[in-house]
Amino acid sequence: QVQPVESGGDLVQAGGSLRLSCVASGTMTSFNAMAWYRQPLGKSRELVARLNSGGSTIYADSVKGRFTISRDNAKNAVYLQMNSLKPEDTAVYYCNIMTALGQAWGQGTLVTVSE
């Protein structure tokens, strides 16, 4: 069973950058999609970016041009490079991995963007 573990969340000033990492422990020979979601305090969880197995990507309109999702197959890892951060990007960011056996969520990592 795959278990994602996120890291990289931090407090950063508006305009700054962060790189989130998600490493999937366990055996993952293939995946259908790897994605980042976020959940601001008091709000619903929303898709930020998704990387499909064929290499295509999907981004939320609010992060297009600022965030980039990428992967490292050798490390079973997916990354989210976040640039030009805004206070409205403040949220708990979750990694989601979908395989043929189902999907798995990480525990989340907090990103706080100050004015």
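The values are calculated or read from the model by the stated rules, or taken from the named source; none is laboratory data. Everything numeric here is computed off the predicted structure, so don't read it as measured data. For neighbour counting, all protein chains shown are included, and Cβ atoms are generated from backbone atoms with ideal geometry for every residue, glycine included. Accessible surface is based on the protein model in full, side chains and every heavy atom, while ligands, DNA and RNA are left aside. Shrake-Rupley method; radii C 1.70, N 1.55, O 1.52, S 1.80 Å.
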Check: Do any residues in the range 49-77 that are closer than 18 Å to Arg19 by Cβ and β-branched (Val, Ile, Thr) have Cβ atoms under 6 Å from those of residues that are modelled with pLDDT under 95 and open to solvent by less than 50 Å² (accessible area, probe 1.4 Å), where the two are at least six apart or on different chains, and which pairs are they?
Finding: none
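For the range 87-115, give me each residue that is among the polar types (S, T, N, Q) and either within 14 Å of Leu18 (Cα to Cα) or at pLDDT 95 or above (or both).
Thr90, Asn96, Gln107, Thr109, Thr112, Ser114 - these are the residues of the range 87-115 that are among the polar types (S, T, N, Q) and either within 14 Å of Leu18 (Cα to Cα) or at pLDDT 95 or above (or both).
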Next item on the list: Could you list, in sequence order, all residues of the range 90-115 that are outside any strand (DSSP E or B) and either under 15 Å from Ala35 (Cβ atoms) or open to solvent by less than 10 Å² (accessible area, probe 1.4 Å) (or both)?
Entry: Gly106, Gly108
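Among the candidates Gly16, Gly26, Gly54, single out the residue that is of a type in the set (Gly, Ala, Ser) and closer than 23 Å to Ser114 by Cβ.
Working: Gly26 fails: closer than 23 Å to Ser114 by Cβ; Gly54 fails: closer than 23 Å to Ser114 by Cβ.
Going through Gly16, Gly26, Gly54 in turn, the sole match is Gly16.
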Notebook entry, point to check: Filter the range 1-22 for residues that are farther than 10 Å from Ile97 by Cα and among the hydrophobic types (A, V, I, L, M, F, W, C); which is least open to solvent (accessible area, probe 1.4 Å)?
Noted result: Leu20
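How many residues, within the range 32-86, are among the charged types (D, E, K, R), open to solvent by 50 Å² or more (accessible area, probe 1.4 Å) and modelled with pLDDT under 95? Full working, then the answer.
Filtering the range 32-86 down to residues among the charged types (D, E, K, R) leaves 38, 43, 45-46, 50, 61, 64, 66, 71-72, 75, 86.
Right, trim to open to solvent by 50 Å² or more (accessible area, probe 1.4 Å) and you get 43, 45-46, 50, 61, 64, 71, 75, 86.
Restricting the remaining residues to those that are modelled with pLDDT under 95 gives 71, 75.
Number satisfying all stated conditions: 2.
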Margin query: Please go through the range 28-42 and give me each residue that is under 15 Å from Thr90 (Cα atoms) and without any contact (Cβ under 8 Å) to a residue 24 or more places away in the chain, ordered by number.
Written below: Gly42
